[in-house]
1. If we keep just the residues of region B:45-94 that are more than 10 Å from every other protein chain (Cβ to nearest Cβ) and basic (Lys, Arg), which is nearest to B:ILE165 (Cα to Cα)?
2. Does A:MET337 count as closer than 30 Å to B:SER107 by Cβ, assigned by TED's automatic domain parsing to the domain that holds A:ARG12, part of a helix (DSSP H, G or I) and in contact with a Pro (Cβ under 9 Å, 6 or more places away or on another chain)?
3. Tell me, yes or no, whether region A:232-253 has at least one residue that is part of a strand (DSSP E or B) and within 28 Å of the chain's Cα centre (by Cα).
4. Please find, within region B:96-112, the residue that is nearest to the chain's Cα centre (by Cα) out of those that are assigned to a loop (DSSP other than H, G, I, E, B) and hydrophobic (A, V, I, L, M, F, W, C).
5. Within region A:308-346, how many residues are of a type in the set (Lys, Arg) and surrounded by fewer than 24 Cβ atoms within 10 Å (Cβ to Cβ)?
6. So, in region A:255-273, of the ones that are touching a residue at least 12 places away in the same chain (Cβ under 8 Å) and exposed (fewer than 15 other Cβ atoms within 10 Å of the Cβ), which residue ends up nearest to the other protein chains (Cβ to nearest Cβ)?
7. Where in region B:8-53 are there strands (runs of 3 or more DSSP E), lying wholly inside it, with at least 3 residues that are modelled with pLDDT of 95 or more and touching a Ser or Thr at 6+ places or on another chain (Cβ under 6 Å)?
8. Of the residues in region A:360-371, how many are in contact (Cβ under 8 Å) with a residue 12 or more places away in the chain and in a helix (DSSP H, G or I)?
Amino acid sequence: MRFLNIIKVALRALRRSAMRSVLTALGIIIGVAAVIAMVSIGNGAKSQVEASIASLGQNIISVFPGSNNSGGMRGGWGSASSLTVEDALAIRQEISGIVALSPEMSDRSQILANGLNWNSSIRGEDTAYLDIRLWPIAEGEMFSEADVRSATKVCVIGKTVATQLFPDSDPVGQNLRIRNIPFRVLGVLSNKGFNFFGQDQDDVVVIPYTSHLKRIARRPNLNSILIQAQSPEIMARIQQDVTDLLQQRRSGREPDFTVRNQQELAEAATATTKTMTVLLGAIAGVSLIVGGIGIMNIMLVSVTERTREIGIRLAVGAHGRDVLTQFLIEAIILSSMGGALGVLLGVGSSQLISRLNGWPVLVSTSAIVGAVAFSAAIGVFFGFYPARKAAQLDPIEALRYE
Amino acid sequence: MAVGSEFRMTDVVQLEEIHKVYDSGEVPVHAVRGVTLTIRGGEFVAIMGASGSGKSTLMNLLGCLDRPTKGRYLLGGTDVSGLDRNALADLRNQKLGFVFQGFNLLSRTTARENVELPMLYGRRHFSSKEIHDRALRSLDIVGLTARADHFPSQLSGGQQQRVAIARALINEPQILLADEPTGNLDSKTSVEIMGVFQKLNDQGITIVMVTHELDIARYCRRNLIMRDGRLVSDVQVADRLTATTEMQRILAAESEAKLTA
Ligand SMILES: Nc1ncnc2c1ncn2[C@@H]1O[C@H](COP(=O)(O)OP(=O)(O)OP(=O)(O)O)[C@@H](O)[C@H]1O
Ligand SMILES: [Mg+2]
């Protein structure tokens, strides 16, 4: 039972050079903790962006009016006013695979109620809008198809508008005035928070698009058309069909509309967080490497001392394998203890950062496994490799090593 | 202590035309140049010679710590040059006890743990208590039980040397090889150590030691002298000293000095 003795020897050796053991473990602890904390923060940010994109709704395609090119002045998207309600209805009727569709109007206006006033976004939408945006009503109800058909003066309002205009009363059933036209509040939307452009999505009044066209904007054209496809696979096809249909309806005129899908939007947004994750990952990688170099340093500095130790052990009858086993056990003990403490510290500090800053953090298993494996590999390699060389020497050579 | 009876009347050590050349440096050093030597079981040999004459080199070869460049070495009848590293390690562990000129103790490790070291690599398994007890017994032989829990850095040179001797003795070797075991000791402690060696030798252990001091060599049975890597003299000690009587003389002289003072 020589193995038991070797374990005892390894434990003694670790205790004997407590400082070296602690420093080695520290290299591993810091590397592992840094990687876990950084990756957790990056992942948290990524998941937040993903969530806010998902909150836009699923499989969304939007149609915007094309840019208005008059006399060499290019107005940008939405500046032409070419999308009509008829376009929207044609899309709904003629293209298959569409779950829901909402012709959209949007504007900003001062709103009055209760003797208070507030400037907010006024959106004209169809009844399907809330389903498409996955946005439940918190209180009251959404306006109906009939309201849309007859352009009724009703609305549902976001949480921000509710708190600004009806601070101490229930808004449902009350009236508010947009451009001096009274609208009855049918419902209050649930909280949606900020989108990734930093806009408060709850600062909104949603009215039937017909009412918006007729009473607020007083023009015949839509700001956009919101389309929800049945599945992600058919989005490209629908995008093409919509383009073809609108093109056909314009019979040969310059295309004056743009069809975009949510994917493009999502890609732009995730590109930003990807950059951030890469940056954080790079910082973490640097600390991992610095930790690794620390471990390497300590191991290499102690080579002389350890080579003499190996010489002594060989001289009194240790086999090369006994010495290697001892060093392997030492390295494994150090790496696993350092790794475990590093994981604790990393997870703990990400939780702390999340508490202090209110950032979302998402601890990733692959980061934990990767960081621990990397620093353990460094610890074992640099602890083991010089030992392997020394254990192959004749005892007298190892004793003479300088 | 085990009696090396099977070796007693046989040739324990046979060196035939042993050479050792160090060629690590710029110029190869021919440290041992053709030593032929037979040591029989139960002998007590002192090797003397000027500094640099190759004594330590020869001891390292005898202790199977180093391999000869040329020549044959039979240890207890087996040709050592044919053995692999592990077999040599087992020989060092079981049959040989080695005391280095520079002690070679593990630093930051207590005297007792240093002494225990060879037992950890033995073929037999011992309980922690057995190992502990035997280490203390071994330390007792060299009179150092009181310092068992001290680190080498807390011990004097002579005390470190005695720890090294205790370590060499713990596995009850048949041959004890000691490179200047009294080099750092005062004359009284030297006599004590020679007393220990003589007692071990009387129990049948073969001892080969290096010394610079002529009067220490007179405690041995046989004196060899080396010069420039060769054996130039090989004599049996005629007027051998006994440590017990010498010790009585020293004690008597001490008390006399106290009386007259
Ligand atoms: N590792 C080595 N490499 C090169 N030369 C060496 C080595 N070890 C010893 N020598 C040389 O070999 C010769 C014999 O050295 P050795 O240590 O055997 O002498 P020694 O008789 O023990 O001397 P001392 O009484 O001073 O201990 C010396 O000239 C020494 O310089
Ligand atoms: Mg010497």
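1. Taking the candidates together, the pick is B:LYS55.
2. It is false that A:MET337 is closer than 30 Å to B:SER107 by Cβ, assigned by TED's automatic domain parsing to the domain that holds A:ARG12, part of a helix (DSSP H, G or I) and in contact with a Pro (Cβ under 9 Å, 6 or more places away or on another chain).
3. From region A:232-253, those part of a strand (DSSP E or B) are none; that's our starting set.
No, region A:232-253 contains no residue that is part of a strand (DSSP E or B) and within 28 Å of the chain's Cα centre (by Cα).
4. Here is the first cut: in region B:96-112, the ones assigned to a loop (DSSP other than H, G, I, E, B) are B:100-110.
Filter again for hydrophobic (A, V, I, L, M, F, W, C), leaving B:100, B:103, B:105-106.
Working: B:PHE100: 8, B:PHE103: 11, B:LEU105: 15, B:LEU106: 18 Å.
That would be B:PHE100.
5. So the answer is 2.
6. A:THR272
7. Correct list: B:11-22.
8. Within region A:360-371, residues that are in contact (Cβ under 8 Å) with a residue 12 or more places away in the chain and in a helix (DSSP H, G or I) number 4.
The values are calculated or read from the model by the stated rules, or taken from the named source; none is laboratory data. What you are looking at is a predicted structure, and each value in this text was computed from that prediction instead of being measured. Note that we place each Cβ from the backbone using ideal geometry, even for glycine, and neighbour counts take in every protein chain shown.
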